[in-house]
Amino acid sequence: MNSARRRKARELLVQALYSCRVGGRPLPDAIVDQVERRRPHTETLQYVRELEPLLDDQLQALDARIDEFVQGRAAERVGAVERAILQLGLVELMHRDDIPVAVVIDESQHLVETFSTSDSVRFVQGVLDRLAREVRPA
């Protein structure tokens, strides 16, 4: 799959996860809304559909795992955007062995730069790095 299309899928998923958390909507509904707004390429939509059930089935477990690795910040103070990016990154680390850890972290950095503030880049990178060491030990 084209890396630009996969990036677009990640952006769509982060926006849907954010909408799910902030608006209290079920993730599948938030994804449908994003798909209708964006009209993504077929390959982009394919990647969204591959990750959707993994995210939807595990949101609470993902949050619990992320909260274990948050350092220097209370778990409840992790912003909704950063949490959505961490959820997506963790799912990719857990279920997409074809995507190198460095790519997951780099793509997460792009998402933070796109949707949040530069202050959050190091925080998200650090949490994902610690999660990667547990999920994919060398």
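Calculate for the chain the 222 nm mean residue ellipticity that helices alone would give, adding -39,500 (n - 2.57) per DSSP H run of length 4 or more and normalising by residue count, nearest 500 deg cm²/dmol.
It comes out at -27000 deg cm²/dmol, rounded to the nearest 500.
Axis angle, to the nearest 10 degrees, between helix 27-38 and the longest C-alpha principal axis of the chain: 60 degrees.
Residues Ile66, Ile99, Ile85, arranged from fewest to most other Cβ atoms within 10 angstrom of their Cβ, appear as Ile99, Ile66, Ile85.
Once both labels are positioned 7 Å from their Cα atoms along Cα-to-Cβ, the gap between Glu52 and Ala138 label points is 3.9 nm. Once you've got the GNM for the chain with C-alpha springs shorter than 10 Å, pick whichever of Asp33, Asp56, Asp98 has the biggest mean-square fluctuation. Between Asp33, Asp56, Asp98, it is Asp98 that shows the largest mean-square fluctuation.
Annotation for Thr114 and Ser3: the two label points, set 7 Å from Cα along the Cα-Cβ direction, are 1.4 nm apart. Seen against the Cα atoms of the chain and their longest principal axis, helix 80-95 is set at about 90 degrees.
Any read-out appearing in this document is the output of simple, stated calculations on the displayed coordinates, not a laboratory observation. Values in this document were obtained by computation on a predicted structure and should not be read as measured data. Cβ: placed from backbone, ideal geometry, glycine included. Neighbour counts: every protein chain shown.
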